[in-house]
1. What is the residue count in the stretch 96-122 for residues that are touching a strand residue (DSSP E or B) at 6+ places or on another chain (Cβ under 9 Å) and surrounded by fewer than 18 Cβ atoms within 10 Å (Cβ to Cβ)?
2. Please give the helices (runs of 4 or more DSSP H) falling wholly within the stretch 53-154 in which 2 or more residues are in contact (Cβ under 8 Å) with a residue 24 or more places away in the chain and aliphatic (A, V, I, L, M).
Amino acid sequence: MSPLWIWFFIWYSAKLSDLMPVDAQDPAQMRQLLHTELKLMGVSLLFGGMAALVFFIYDWFQHAKWGQTIGKRIVKIKVVALPDRGRVTGGAAFKRAALYALAPQVPLIGSIFGLLDSLWLLWDKPNRQCLHDKVADTVVIKTDIDAPVNRQQA
């Protein structure tokens, strides 16, 4: 989603720069400025909400179906149920994705939560879980564990 946010930030900045300079003594210009800023804020919230929803659906589906997103496949890790290291259920994937993708969208508190969620694994023992893993009772494991090589000579 980062390229979309860059495009949106450039568009948003251009719209704001079109409004400057404004004569603070002119009520009509100040009303126009306020109206445009509120409109831009609404577009920003809508864009952020839509991006979070797309990310939530992507994350939920991928983990419920395969236990991995495309990125997790590349780095050879997988999400599994904590108790038995089995497949993640749809409900657990839903909880995990909701906390990971949607909670950070809450203004201010969500950003702080998103940071704390990601950093949690640094001090969590012994499973190194993030908060979204704790809520869903999941854990991330490596999938490229070295297996013994069978070197039979032909």
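No value in this document is a laboratory result; all are computed from the given coordinates. It should be emphasised that the depicted structure is a prediction, and the values quoted were computed from it without experimental measurement. All Cβ positions, even for glycine, are placed from backbone atoms using ideal geometry, and neighbour counts span all protein chains on display.
1. Qualifying residue count, the stretch 96-122: 1.
2. Values: elements: 70-75, 90-97, 109-119, 131-136.
Ranges flagged: 90-97, 131-136.
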